[in-house]
Amino acid sequence: MPISIRRTDPAIDAQVTADLHGLPTGRITARDTAAHIFTADIHELRAWINALGGYVTRQRAGGAVTLWTLHTHTELRSDGSSTPVLVHALSLAGEDIHPDITEAVA
């Protein structure tokens, strides 16, 4: 993904993308050149996958909790650049996870 020459705020880029697609957001923050979105529910991750695509990673977060992260990006700007977006969600062991999410695991 090319990086834009102009400086943009990844959190603002992610919020605009969420608003354009009607996507759920909890907390949005920026770190370096990427936006991190923390959703309120594992099922909210599905809307992001369906709207923007990408791939999902998962890792243990302690106890019976798993952290699921969608790796995606905003739509391309006119200069061909985009902003990386990582959408995070937690689940408990045994919780039903929609196949759209599990099939997106890299």
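Read-outs throughout are calculated quantities, based only on the coordinates presented, and are distinct from any laboratory measurement. Not measured: the values here are computed from a predicted model. As a convention, Cβ positions derive from the backbone with ideal geometry for all residues, glycine included, and neighbour counts pool all protein chains shown.
Placing pseudo-labels 7 Å out from each Cα toward the beta carbon at A106 and E75 gives an inter-label distance of 2.5 nm. Between V65 and T8, the simple label model (points 7 Å from Cα in the Cβ direction) yields a spacing of 3.2 nm. Which parts of region 91-106 would a label at T57 reach, counting a residue when its backbone N lies under 11 Å from a point 7 Å out along Cα-to-Cβ? Within reach of a label on T57, which here means backbone N under 11 Å from a point 7 Å along Cα→Cβ, region 91-106 contributes 106. All Cα-Cα separations within the chain were binned at 10 Å from zero, giving a P(r) of 15, 49, 28, 7, 1, each value a whole percent of the pairs. Against the main long axis of the alpha-carbon atoms of the chain, helix 10-21 sits at an angle near 70°.
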